[in-house]
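Novice: The structure is given below, and queries will be raised subsequently.
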Amino acid sequence: MNSLPLWHRLFVAAVVIFLAAPVLIIVGVAFTSAEFVTFPPRGFSLRWFEKVLTDAQFMVPLWNSFLLGVASTATSIVLAVPAAITLVRNQVPMKDAVLAFMLSPLSLPTIILATSLLFFLARFGLGTSPVGLLIGHVIITVPYVLRTLLGVYAGIGPETEEAARTLGAGRWRTFWHVTLPMIRPGLLAGGILAFLLSFDEVAVALLLSTTDTTTLPVSLLSYLVYNYDPAVAAISTVQIVIVVVLLLILERCFGVNHLVLPSK
Amino acid sequence: MKRFSCALAALNAAALIGASTLAAMAEEPKPEKIVVTAYGGIWAESVAKNYAPCFEKKTGVRVEILTGESSDWLNKVKANPGNSPIDVITLSELDSLRAAKEGLLEQLSVEKVPNLASIPDAFHKPWDDYGVSGNYGAMGVMYNSQSVAEPQSWKQLIDDIAAGKYGEKVAWPSGTYTWGPSQLWWVAQQYGGDIDVAFEKMKAIKPYVVKFWTTPVEALNLFATGEVDVLVYWDGRAFAFINKGNDWAKFSVPEPGGVVSLVMQSVVKGANPIAYEYIDCVLSEEGQVGNSQTMRYPGTNSTVTYPDDLRAEFTPMEKVKVPPYSEIIDRIPEWIERWNKEMQ
């Protein structure tokens, strides 16, 4: 770090400020004692935290968002792992077209996806079901998990797997004991990305959620339109804390660097 | 290896939680509840506090509140004909007309909703009884009384803004805001109903308008932080702000009155008939007074008596103007397009 030229350090500092400033402002505003969102915050108070932590219109959606994020991540992984293995190791006809198709949800504005899903899923009786909401989120998160997995898996030669097969391990055993540990960085990185995307997603949830499945971003959005108090800053801070704590647990348990960077 | 088992255990746990969530979430909607809609925050709180208890006491059926916006709810109902996730829907005036036209709503009547008899025609007849508004808000002016005087009439206000009397400290609803076209219609009424003149006037005030606002929250933030002294705004929201110790702020509806905003309540086609009871609760004395205390908006039931402090804030019914929506509904898209082209 010492050897970095001054302009380089200034540039890094600018990027850090650019990324961190909005978060710091939200956290600052959450502790205000004022009725309004103002920055710098006036006075110090925990009243907005008390309001959101005891208010079902925030806490129930927060829990829903968490469950939906976990379910979307698990489903995305189950779908993306076989796809990645097949696309990297096998001769798939029109491989590029298949890959482009599987990544195509990335190019679609989510609000358009949400509107089509609303009418499409309703035809199958899933328009108001939690499964419909999960399908919507998985369509959004699968490409991210797949893309991350492909990057990691393509960088690993087939030799280790071939050695396992030669030594008598079956397909499943090879996958479980050889492939899975090797693609673990991609799996975790993609999984974290998928969870965060689902946890934050608003368009699909806006149209596909019901009173039982309203997610936090949806309740924040409808709250923000008609209410000017800093309660949304407080619940956003709670949300940030949850994500940071999750990342810290991952770091403590496994070491994030170790997980998301391929081992050398 | 230990780390890997740890990761696997976490993954398994995640998958298990996911699966059990799905099972829990996939349960059929319970028949012992109805789903009603409300805007987020204080609107939803008012429904929970003032309408739901009345309905639950009367029927023993639970009320669940879906928050969001008029167009989200309308899309959900449209997408699920015969299996609507919503029983009682609240719509903007125009969305309500559109929904009725598409056959998505049930027609109300005094037999089904006895309190409808006490609601003046202006709040349900233009919708052919496919919806009824439980309260009304009037568009007026909230101003900083320490720096500007009370505006007397809309015409005078517009001329004064255009002459720079308030400086660049004015906020006005945008033509693209839900009730923006209604306010444009009202400006046109001040000049013989000519919409071209309304646009000319809006162009004349534009240099002094800090922001043509599109959400009530951004509007109030501009006013509360002192960026504007004159804010064209809703009476109920203005008084909620003034009553929080902001005595320097005042509100008035310039002559000859203010355009109205309504929250049209309707029973969705195919909903359980018990939903009519909910609308009856909205229109009942208990619902009307309670909602007014929470929201600072007057109810529409003409037989209800309000406490004096509330009545003093209300814009009287004779001062509010309900635009002839069924006549202007087809022209509104053109006004919005024109606003986008000429004002932005």
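Novice: Looking at segment A:127-141, which of its residues are within 14 Å of chain B (Cβ to nearest Cβ), touching a helix residue (DSSP H, G or I) at 6+ places or on another chain (Cβ under 6 Å) and in a helix (DSSP H, G or I)?
Specialist: Within segment A:127-141, A:Pro130, A:Gly132, A:Leu133, A:Leu134, A:Gly136, A:His137, A:Val138, A:Thr141 qualify.
Novice: Taking A:Met102 as meeting all but one of (1) surrounded by 16 or more Cβ atoms within 10 Å (Cβ to Cβ); (2) more than 30 Å from A:Trp176 (Cα to Cα), write down the number of the exception.
Specialist: Unmet condition: (2).
Novice: Residues in segment B:185-227 that are free of Cβ contacts under 8 Å to residues at least 60 places away in the same chain and among the hydrophobic types (A, V, I, L, M, F, W, C): how many?
Specialist: 14
Novice: If you check B:Asn221 against the conditions, is it at pLDDT below 90, outside the structural domain of B:Pro126 (by TED's automatic domain parsing) and crowded, with 16+ Cβ neighbours inside 10 Å?
Specialist: Working: at pLDDT below 90: yes; outside the structural domain of B:Pro126 (by TED's automatic domain parsing): yes; crowded, with 16+ Cβ neighbours inside 10 Å: yes.
When the stated conditions are applied, B:Asn221 passes them.
Novice: Let me ask something else. In contact (Cβ under 8 Å) with a residue 40 or more places away in the chain and among the aromatic types (Phe, Trp, Tyr): which single residue out of B:Tyr233, B:Tyr306 fits that description?
Specialist: Working: B:Tyr306 fails: in contact (Cβ under 8 Å) with a residue 40 or more places away in the chain.
Going through B:Tyr233, B:Tyr306 in turn, just one is in contact (Cβ under 8 Å) with a residue 40 or more places away in the chain and among the aromatic types (Phe, Trp, Tyr): B:Tyr233.
Novice: Condition first: within 10 Å of another protein chain (Cβ to nearest Cβ) and in contact (Cβ under 8 Å) with a residue 60 or more places away in the chain. Now tell me which residues in segment B:84-95 satisfy that.
Specialist: Residues of segment B:84-95 within 10 Å of another protein chain (Cβ to nearest Cβ): B:84-86.
Answer for segment B:84-95, where residues must be within 10 Å of another protein chain (Cβ to nearest Cβ) and in contact (Cβ under 8 Å) with a residue 60 or more places away in the chain: B:Ser84, B:Ile86.
Novice: Limited to segment B:317-344, what total is found for residues that are closer than 17 Å to B:Ser302 by Cβ and either touching a strand residue (DSSP E or B) at 6+ places or on another chain (Cβ under 9 Å) or surrounded by 12 or more Cβ atoms within 10 Å (Cβ to Cβ) (or both)? Talk me through it step by step, then tell me what you get.
Specialist: Kept after step one, since they are closer than 17 Å to B:Ser302 by Cβ, are these residues of segment B:317-344: B:317-320, B:322.
After this cut, where a residue has to be either touching a strand residue (DSSP E or B) at 6+ places or on another chain (Cβ under 9 Å) or surrounded by 12 or more Cβ atoms within 10 Å (Cβ to Cβ) (or both) as well, the list is B:317, B:319-320, B:322.
So the count comes out to 4.
Novice: While we're on this one: Of all residues in segment A:196-215, count the ones that are in contact with a Pro (Cβ under 9 Å, 6 or more places away or on another chain) and either more than 12 Å from chain B (Cβ to nearest Cβ) or among the charged types (D, E, K, R) (or both).
Specialist: Qualifying residue count, segment A:196-215: 4.
Novice: Across segment B:53-83, what is the number of residues that are crowded, with 22+ Cβ neighbours inside 10 Å, farther than 22 Å from B:Ala99 by Cα and within 12 Å of chain A (Cβ to nearest Cβ)?
Specialist: 1
Novice: While we're on this one: Answer yes or no: is there a residue in segment B:101-110 that is among the aliphatic types (A, V, I, L, M), crowded, with 16+ Cβ neighbours inside 10 Å and outside the structural domain of B:Asn291 (by TED's automatic domain parsing). Spell out the reasoning first.
Specialist: In the first step, residues of segment B:101-110 are kept if they are among the aliphatic types (A, V, I, L, M); the result is B:104-105, B:108, B:110.
Still in the running and crowded, with 16+ Cβ neighbours inside 10 Å: B:104-105, B:108.
Filter once more, keeping what is outside the structural domain of B:Asn291 (by TED's automatic domain parsing): none.
Within segment B:101-110, not a single residue is among the aliphatic types (A, V, I, L, M), crowded, with 16+ Cβ neighbours inside 10 Å and outside the structural domain of B:Asn291 (by TED's automatic domain parsing).
Novice: Among helices (runs of 4 or more DSSP H) lying entirely in segment A:1-103, which contain 3 or more residues that are touching a residue at least 40 places away in the same chain (Cβ under 8 Å) and in contact with a Leu (Cβ under 6 Å, 6 or more places away or on another chain)?
Specialist: Details: elements: A:6-30, A:47-53, A:56-89, A:95-103.
Answer list for segment A:1-103: A:56-89.
Novice: Specify which of the listed residues (B:Ala138, B:Ala122, B:Ala163) is at pLDDT below 95 and more than 22 Å from the chain's Cα centre (by Cα).
Specialist: Numbers: B:Ala138 fails: more than 22 Å from the chain's Cα centre (by Cα); B:Ala122 fails: more than 22 Å from the chain's Cα centre (by Cα).
Step by step, each of B:Ala138, B:Ala122, B:Ala163 is checked, and only B:Ala163 is at pLDDT below 95 and more than 22 Å from the chain's Cα centre (by Cα).
Novice: Still on this structure: Return yes when B:Val113 is of a type in the set (A, V, I, L, M) and assigned by TED's automatic domain parsing to the domain that holds B:Gly245 and no when it is not.
Specialist: Working: of a type in the set (A, V, I, L, M): yes; assigned by TED's automatic domain parsing to the domain that holds B:Gly245: no.
No.
Novice: Right, another one. When segment B:149-164 is examined, which residues are found to be out of contact with any strand residue (DSSP E or B) (no Cβ under 6 Å at 6 or more places or on another chain), touching a residue at least 12 places away in the same chain (Cβ under 8 Å) and on the phi < 0 side of the Ramachandran plot? Step through it out loud before you land on a result.
Specialist: Step one: list which residues in segment B:149-164 are out of contact with any strand residue (DSSP E or B) (no Cβ under 6 Å at 6 or more places or on another chain), which gives B:149, B:152, B:154-160, B:162-164.
So of that shortlist, the ones also touching a residue at least 12 places away in the same chain (Cβ under 8 Å) come out as B:152, B:154-158, B:162, B:164.
Of everything in segment B:149-164, those that are out of contact with any strand residue (DSSP E or B) (no Cβ under 6 Å at 6 or more places or on another chain), touching a residue at least 12 places away in the same chain (Cβ under 8 Å) and on the phi < 0 side of the Ramachandran plot turn out to be B:Gln152, B:Trp154, B:Lys155, B:Gln156, B:Leu157, B:Ile158, B:Ala162.
Novice: Further, regarding this structure: Which of the residues that make up segment B:72-91 are within 14 Å of B:Val263 (Cα to Cα) and of a type in the set (S, T, N, Q)?
Specialist: The first filter runs over segment B:72-91 and keeps only residues within 14 Å of B:Val263 (Cα to Cα), leaving B:73-74, B:88-91.
Within segment B:72-91, B:Thr90 is the sole residue that qualifies.
Novice: Sticking with this one: Within segment B:24-127, considering only helices (runs of 4 or more DSSP H) that don't extend past its boundaries, which have at least 2 residues that are more than 24 Å from B:Val304 (Cβ to Cβ)? First the steps, then the outcome.
Specialist: Details: elements: B:42-46, B:52-59, B:70-79, B:93-101.
Filter on segment B:24-127 gives B:70-79, B:93-101.
Novice: Residues that are farther than 26 Å from A:Gly132 by Cα, more than 11 Å from chain B (Cβ to nearest Cβ) and in contact (Cβ under 8 Å) with a residue 60 or more places away in the chain: does segment A:163-182 have at least one?
Specialist: Yes, because at least one residue in segment A:163-182 is farther than 26 Å from A:Gly132 by Cα, more than 11 Å from chain B (Cβ to nearest Cβ) and in contact (Cβ under 8 Å) with a residue 60 or more places away in the chain.
Novice: I'd like to know if segment B:233-248 contains one or more residues that are β-branched (Val, Ile, Thr), at pLDDT 95 or above and closer than 27 Å to B:Met142 by Cα.
Specialist: So in segment B:233-248, the residues β-branched (Val, Ile, Thr) come out as B:242.
After this cut, where a residue has to be at pLDDT 95 or above as well, the list is none.
Taking every residue of segment B:233-248 in turn, none turns out to be β-branched (Val, Ile, Thr), at pLDDT 95 or above and closer than 27 Å to B:Met142 by Cα.
The values are calculated or read from the model by the stated rules, or taken from the named source; none is laboratory data. Model, not experiment: these values are computed from the prediction. So basically every Cβ, Gly included, is an ideal-geometry build from the backbone, and we count neighbours across all protein chains shown.
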